[in-house]
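Notes to accompany the following structure.
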Amino acid sequence: MPKSSRTLIAVLALLLSIAFAISPFFVPSFSGFDPNQFPIPQDNPPAQPAGYAFSIWGVIYLWLIAGLGYGLLRAPRDGQWHDMRVPLCLSLAVGTTWLAVATMSPVWAAILIWIMLITALIALFLAPVEDPLWAAAPVGLYAGWLSAASCVSLALLAAGYGYLEEQTAAVVFVGLAIAIGAIVQTALGRTPTYGIAVIWGLVGVVVTNWGETALVAYLALGGSVIVALPTVRAFRRG
């Protein structure tokens, strides 16, 4: 690809990160799925992290903008940055529409969040080893949170459409989040922000279920420890 085209992709990535960050202002009514969006209403589902956990989005938005802005200024034509930006652009473009879709259809929202996750993971594995603070680290935090959130979306669908009972759905898909988190962080071998975001989501599930649904709480707590092991190794390799 011509180097001038790489610069255009770098600009596009920054613009999409900004659009992604401001998209909540255009859908102010969304504060999570309405329980009645599902045939079986999902009131306080055990798979969903406590509300405070979603504050991680503020850090994700700002860090992606800062990182992609830095990349545009310092590495607009760099090949490794470019390889990361291409799938990340797709993920952010889909993410910009996600809230609007979620107000209308939890099924389509689940499909889109998995597209966001897969493309974010591709970007993470392609992220340049140099400049990790501005490239891999924010993408890792984004992909890690999506790893947890995408599994939550499947748990809500499974319980909300009557395929599984709520607690069973939580066990199955929290377990899936743990498996994805541990496998990805181990295979990646760097960028501990990925594991940190997964653990953040799992601890949110612990808080939701502590004293209520012990099985899910203990599963999420144990999963946090499992994901922490490769995350600590990634820190040490740092």
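Details
- Among the residues of the stretch 145-158, just one is touching a Ser or Thr at 6+ places or on another chain (Cβ under 9 Å) and buried (at least 24 other Cβ atoms within 10 Å of the Cβ), namely 146.
- Positions within the stretch 205-219 being at negative phi and without any contact (Cβ under 8 Å) to a residue 40 or more places away in the chain, in sequence order: 206, 210, 214, 217, 218
- Residue within the stretch 192-204 that is closer than 30 Å to residue 93 by Cα, part of a helix (DSSP H, G or I), touching a residue at least 40 places away in the same chain (Cβ under 8 Å) and in contact with a Lys or Arg (Cβ under 9 Å, 6 or more places away or on another chain) present: no
- In the stretch 3-39, residue nearest to residue 89 (Cα to Cα) [restricted to those that are in a loop (DSSP other than H, G, I, E, B) and in contact (Cβ under 8 Å) with a residue 24 or more places away in the chain]: 27
- On the stretch given as the stretch 137-164, residues that are in a helix (DSSP H, G or I) and either touching a Lys or Arg at 6+ places or on another chain (Cβ under 7 Å) or not small (Gly, Ala, Ser) (or both) total 11.
- Looking only at the stretch 87-109, and only at residues there that are among the aliphatic types (A, V, I, L, M), in contact (Cβ under 8 Å) with a residue 40 or more places away in the chain and buried (at least 19 other Cβ atoms within 10 Å of the Cβ), the one that is farthest from residue 160 (Cα to Cα): 88
- Here residue 179 passes the criteria (1) of a type in the set (A, V, I, L, M, F, W, C); (2) over 21 Å from residue 33 (Cα atoms); (3) touching an Asp or Glu at 6+ places or on another chain (Cβ under 8 Å) except the one numbered (3).
- Of the residues 193, 186, the single one that is among the β-branched types (Val, Ile, Thr) and within 15 Å of the chain's Cα centre (by Cα) is 193.
Here, each number is a calculation from the coordinates, and none is a lab measurement. These figures come from a predicted structure and were not determined experimentally. Counting neighbours? That spans all protein chains shown, and the Cβs are built from the backbone with ideal geometry, glycine included.
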